Amino acid sequence: MFVLAYTAVRVGEPLRDPNDPRRRGVRWKDLSLDDGSMDVYRKKQQWDAASLPDPVISPLRSYRQLMDPPTER
């Protein structure tokens, strides 16, 4: 939700479309939290960088750590 609320991406751009193999959805490798950007497949039929503002980066970092904790504990 943070990504859609704070960025200029359309709802369908970060999502996967099973009928279009080019629209595979945004994956962690498409995000650059240090640079504040993500690659999305735009409506104009090409990949393009979208800005991630500060209110989006912190929740994404927290979620990423939750999904892939640094230790077994």
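Each reported figure results from applying straightforward, stated rules to the coordinates on display, with no laboratory input. Everything numeric in this text was worked out from a predicted model, so none of it was measured. Here Cβ is always computed from backbone atoms with ideal geometry, including for glycine, and neighbour counts include all displayed protein chains.
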For the chain, which semi-axes, largest first and in whole Å, follow from the square roots of 5 times the eigenvalues of its Cα gyration tensor? 23, 15, 10
To the nearest 20 debye, the chain has a Cα-centred charge dipole, built from +1 on Lys and Arg Cβ and -1 on Asp and Glu Cβ, of 300 debye
Scoring only Lys, Arg, Asp and Glu (+1, +1, -1, -1) among other residues with Cβ under 14 Å from the Cβ of Gly36 yields -4
